[in-house]
Amino acid sequence: MATTRGHLTNWTVVVPLLAVVALVLAWGRDLPTFAVVVVAAFLAGAVLAAVHHAEVVAARVGEPFGSLVLAVAVTIIEVALIVTLMISGGDKTSSLARDTVFAAVMITCNGIVGVCILVAALRRRIAVFNPEGTGGALATVATLATLSLAVPTFTTSESGARFSPGQLAFAAVSSLALYGLFVAVQTVRHRDYFLPITSAGEVIDAEEHADPPTSRTAALSLGLLLVALIAVVGNAKAVSPAIESGVEAAGFPPSFVGVVIALLVLLPETLAAVRAARRDRLQTSLNLAYGSAMASIGLTIPAIAIAMIWLEGPLVLGLGATQLVLLGLTMVVSILTVVPGRATPLQGGVHLSLMAAFIFLAISP
């Protein structure tokens, strides 16, 4: 893991800055094919740089704080992107928040979790993690997702799977409060529940074979992490017209564009989680996955609720029938995965099959 000053004088510094320059030059313009390719290349470089700097910060602050840094940073910028698109999109973006949050939940709880379990289990035959902390995280994700995405489908105060203003305010306050409670438990009162463990059940409270970076190095990496994440989200939006054209040419529904952009935005967390799983730190991977899902709901819903004070048009949060089935099945399977605290490649494969079903049904609803 990079922890010295020398590692901050290479491409991990240059690429995020160049990616921001590309973002400034491309913002608000119709890009030709060559420019789209260039922006996409800087987007990929910014993703890799974000993973690097997240690991530097994580090495300094330790787990589970390191996982929170990346999850919250990505989600805050994701929220800013959603609000920006809703301001300029009008009624056609009424379901954008729902589609984005649901895609984030499915990608994190099935895609990231499935890949990480598979990587860790193939490496050690049996992947181990702490069921107390992971179970609490999953319970929080399930509650947030149900209150914010499932309940609006069945409320009767407003038509069209929407919350009334009072219901939206309640969902926003409860989401933020529940997320804040989880962060307090994860980082203060029961921090040991979220630390990596060995196959014998012993807690690992430090990274092995690496000295922690200096405070100056960590602070610089934190700043560059934010720069890289801004470049990732901004450049994803810049290439979104090309993505929309490709989706339309392929005959996919317009909502699939949100899935593609969600996949791009979550790439830094995905890569960081897989790298942790390869180092036998599956608990860190699960912290990233469920923490990202939790932050995506717990921060997005309150932000959108506030934005709706001045935004015009409806806000559709309720999931459709197919989405509800996928969400319910994901939660049932996740419970069966988490409770034992041990997983084999089978569990990873089951989650990845659900991820494949989500992608397929997003293409062919």
For this session: Report yes if some residue within region 237-259 is closer than 20 Å to V74 by Cα, within 17 Å of the chain's Cα centre (by Cα), surrounded by fewer than 18 Cβ atoms within 10 Å (Cβ to Cβ) and at pLDDT 80 or above; otherwise report no.
Result: no
Problem set entry | Cβ-Cβ under 7 Å pairs, at least 6 apart or on other chains, region 164-178 side farther than 12 Å from T300 by Cα and in contact (Cβ under 8 Å) with a residue 12 or more places away in the chain, far side assigned to a helix (DSSP H, G or I) and β-branched (V, I, T) | L178/T140; L178/T143
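A quick yes/no check of all residues on (1) buried (at least 23 other Cβ atoms within 10 Å of the Cβ); (2) closer than 29 Å to A177 by Cβ; (3) of a type in the set (S, T, Y):
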| site | (1), (2), (3) |
| --- | --- |
| L271 | no, no, no |
| R275 | no, no, no |
| M294 | yes, yes, no |
| L317 | yes, yes, no |
| L336 | no, yes, no |
| P345 | no, no, no |
| G349 | no, no, no |
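One line per residue, one yes/no per condition, for (1) over 18 Å from D99 (Cβ atoms); (2) at pLDDT 95 or above; (3) among the acidic types (D, E):
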residue: T284; (1), (2), (3): yes, no, no
residue: L326; (1), (2), (3): no, yes, no
residue: V333; (1), (2), (3): yes, yes, no
residue: T344; (1), (2), (3): yes, no, no
Exercise. Are there any helices (runs of 4 or more DSSP H) wholly within region 249-336 with 1 or more residues that are touching a residue at least 40 places away in the same chain (Cβ under 8 Å), touching a Pro at 6+ places or on another chain (Cβ under 7 Å) and not hydrophobic (A, V, I, L, M, F, W, C), and if so which?
Worked result: 282-307
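Conditions tested, residue by residue: (1) modelled with pLDDT under 85; (2) of a type in the set (F, W, Y); (3) in contact with a His (Cβ under 6 Å, 6 or more places away or on another chain); (4) surrounded by 18 or more Cβ atoms within 10 Å (Cβ to Cβ).
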| site | (1), (2), (3), (4) |
| --- | --- |
| L144 | no, no, no, yes |
| T155 | no, no, no, no |
| R162 | no, no, no, yes |
| R189 | yes, no, no, no |
| L195 | yes, no, no, yes |
| I204 | yes, no, no, no |
For this session: Would you point out which residue out of L354, L288 is within 13 Å of I112 (Cα to Cα), at pLDDT below 90 and not aromatic (F, W, Y)?
Result: L288
Exercise. Filter region 58-88 for residues that are touching a Leu at 6+ places or on another chain (Cβ under 7 Å) and more than 24 Å from A145 (Cβ to Cβ); which is modelled with the highest pLDDT?
Worked result: I87
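So how many residues does region 296-315 have that are of a type in the set (V, I, T) and surrounded by fewer than 19 Cβ atoms within 10 Å (Cβ to Cβ)?
2
The values are calculated or read from the model by the stated rules, or taken from the named source; none is laboratory data. This structure is a prediction, so every number in the text was calculated from the model and none was measured. Don't worry about glycine lacking a Cβ; one is built from the backbone with ideal geometry, like all the others, and counts go over all protein chains shown.
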